[in-house]
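Here is the structure we will look at.
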Amino acid sequence: MLPVKSEQPKHVDGSLLRDKQHMLYREPVGFKATAFPNGEPETPLQHLAQTTSHVNRYIRQLDELYATLLADKIRAVDVQIAGRFQGLLNELLLLSIANKNRAESLMNAELPGCMSDISLTVSSQFTGKVVVHIEDGKLKSHYTMQPTDHIATLGGFIEMAERAGWMITSPEESENE
């Protein structure tokens, strides 16, 4: 009879994987995901930056798994294969870091004036409209609109008044009557 291992298998997409040393699903050491101005990528460059960030994460995970779980075993069988595998991982890691940095640089250059974070505190139950005054990328003031408030241009207000039956005349026209 075979000995029973205390390690519990994890079921992943139809296969069983044993989580050796809790390595399979953890974030790689030193990895920092790309951040986006609105939380999610919106432009083609932001999607490129997100993809390069994911590639960098996966290569780092592969490198950690290889170093921790496989390198010694492959080295014991063939040192040249182990060295070549590690060399390829190192090249992939360097290329992915360079691509990630370049994509983030292009993404940040894409929207140079739109990179300020503005914080507006509202209740989690809030639904409505807020008028904000921003100066030099900083929130100067804000006003929570009431249901009876309306925003329009001067021309829009004049048109609404005329539709409601008001006659709008300039001061010069009033003096000539």
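Some points to look at:
- Centre-to-centre, using Cα atoms only, region 143-161 and region 76-91 are separated by 70 Å.
- The Stokes-Einstein estimate for region 130-176, based on a Kirkwood radius over Cα pairs and taken at 37 °C with 0.692 mPa s viscosity, is a diffusion coefficient of 240 µm²/s.
- Gained length - Arg75 relative to Thr43, 0.36 nm times residue gap less alpha-carbon distance: 7.1 nm
- Dimensionless Rg over Rh [region 50-177; C-alpha; Kirkwood]: 1.43
FYI, it's all coordinate maths here, none of it is from the lab. These numbers come from a predicted model, not from an experiment.
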